[in-house]
Amino acid sequence: MKKLIITSMLGFIYPALACTTFASFNGENDSIVMAKNRDNRPDRQIIQVVAEKDKFKYLALSRQDYPNFVSAGINEKNLAVFNEVTVEYSDKAVGAIDDDFSKDILQNYATAKAVIPDIAKLVAKYPDPVFYQVADNKQILSIEVAPDHKFTYKLTDKGTFTHTNNYQDGSLIKDYPYTASEKVRLQDSQMRLFRTKMLVGSKSGMTLDDMQIIALDHNKGANNSIYRTGEGNDPRSVRSLAFFGVEIPKTKGEAAQFSANLYNMGERYRFTLDDRFWSQYKGQYTILSPNIKNK
């Protein structure tokens, strides 16, 4: 019990912002399914479409006070981008919440491979340490950014994929001096990573509903589960705020499917991202209304 109390106190003193991203290449209808839980302190989240002249339109989980912020998104070319904050080097993240290159990718790229030649340029523009997952109908490009414009990337094209908040490439954190609070966050991140890998690999033909079930897994309690509930007596503590999932068909030209659940807002969404959907939106920012009733 004493150990649990200490962990809880550390989590309270040192913000434990986090996210969990997971995907399967064996989704329903021969698709790639990819999803994320966004964890943070409660805020006014939105689902919006962004449409700027001469740029690809995109749908994103964002915040009403930061319309350029992308926690996860997918564009009209069926290219999706998810991101996570880092345990390591978190003190080096000096930009605002929307100072990363998720939006740049969604607005300017149609495939994951097309991003690779421009990674150095994107990191130079937004150098904060952040993890990015870029998915199209064939593969997932995982980019890990470290301080001093260092980065690595990896392509995955089969099986499953998961990422939480710790670096997977050890070369970027060699001899990293973890603080006591970072060790707690690292343990939390690794626990979620292990649990998610097991669950997402447990069956084939994954649907968006299956991904939502995984996102609601509460196997390790308030702060270490995939679905985090935070400290019950502190309404501002970090918790899982939203689920964002996409189903990307492997056949080019077919429409992607989208699902979202803003847990703390009680709002749920489900859309087919076909030409009819995208053609509705002309303004720069359009906040969408929930279209699924809570059960």
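Some points to look at:
- Portion, in percent, of the accessible area of segment 18-287 that falls on carbon or sulfur, probe 1.4 Å: 47 percent
- Converting phi to 3J(HN,Hα) with the Karplus coefficients 6.51, -1.76 and 1.60 and the offset θ = phi - 60°, segment 230-247 yields x, 7, x, 8, 10, x, 9, 6, 5, 7, 6, 9, 7, 10, 9, x, 9, 10 Hz in sequence order, with x at every glycine or proline.
- Most tightly packed first, judged by the mean number of other beta-carbon atoms within 10 Å of their residues, the peptides 174-184, 65-75 read 65-75, 174-184.
- Segment TYR178-ASP157, extension gain: residue separation times 0.36 nm, minus the distance between their alpha carbons: 4.3 nm
- Under 9 Å, Cβ to Cβ, from LEU141 - net charge with Lys/Arg +1 and Asp/Glu -1: +1
- Note that segment 151-157 has calculated 3J(HN,Hα) couplings of 7, 9, 9, 8, 9, 10, 9 Hz, one per residue in order, obtained from phi through the Karplus relation 6.51 cos²θ - 1.76 cosθ + 1.60 (θ = phi - 60°); glycine and proline are x.
- Sum of side-chain charges, LEU199 neighbourhood, beta-carbon under 15 Å (Lys, Arg +1; Asp, Glu -1): +3
- As a calculated quantity, the FRET efficiency between ASN219 and SER171 at R0 = 35 Å, using C-beta atoms, amounts to about 0.65.
- Surface per residue (accessible, 1.4 Å probe) for segment 18-114, Å²: 32 Å²
- For ASN26, residues with placed amide H under 5 Å, excluding near neighbours: VAL33
- Label-to-label distance, nm, for residues given as ASN294 and SER279 (7 Å Cα→Cβ offset): 3.6 nm
- Calculated mean residue ellipticity at 222 nm for the chain: -6000 deg cm²/dmol, from DSSP H runs with n ≥ 4 weighted as -39500 (n - 2.57), summed, divided by the residue count and rounded to 500.
- Between THR251 and ALA110, the distance separating the two model label sites (each 7 Å from Cα on the Cα→Cβ line) works out to 2.0 nm.
- By average C-beta atoms within 10 angstrom, highest first, the peptides 36-46, 145-155, 189-199: 36-46, 189-199, 145-155
- Listed residue pairs exceeding 27 Å between alpha carbons, taken from LYS36/LYS203; LYS92/LYS121; LYS55/LYS158; LYS154/LYS250; LYS174/LYS250; LYS36/LYS150: LYS55/LYS158; LYS174/LYS250
- Using the 1.4 Å probe convention, the accessible area of segment 238-295 works out to 54 Å² per residue with neighbouring protein chains retained.
- Given charges at Cβ of Lys, Arg, Asp, Glu: segment 155-295 dipole, positive-most of TYR227, TYR281, ASN294: ASN294
- Point-charge dipole on Cβ atoms (K/R +1, D/E -1) for segment 18-287, about Cα centre, debye to 20: 220 debye
- Derived scalar couplings ³J(HN,Hα) [segment 92-107; Karplus, 6.51 cos²θ - 1.76 cosθ + 1.60; whole Hz; x for Gly, Pro]: 8, 7, 9, x, 6, 4, 9, 8, 9, 9, 4, 4, 4, 5, 4, 7
- ASP136 accessible area, assembled protein chains, probe 1.4 Å, Å²: 10 Å²
- Residues listed by number, segment 28-47, amide nitrogen under 15 Å from GLU231 label point at 7 Å toward C-beta: 41-42
The values are calculated or read from the model by the stated rules, or taken from the named source; none is laboratory data. Treat the numbers as computed from the prediction; the structure is a model and nothing was measured. For neighbour counting, all protein chains shown are included, and Cβ atoms are generated from backbone atoms with ideal geometry for every residue, glycine included. The area values use the complete protein model at the heavy-atom level, side chains included, leaving out ligands, DNA and RNA. Shrake-Rupley method; radii C 1.70, N 1.55, O 1.52, S 1.80 Å.
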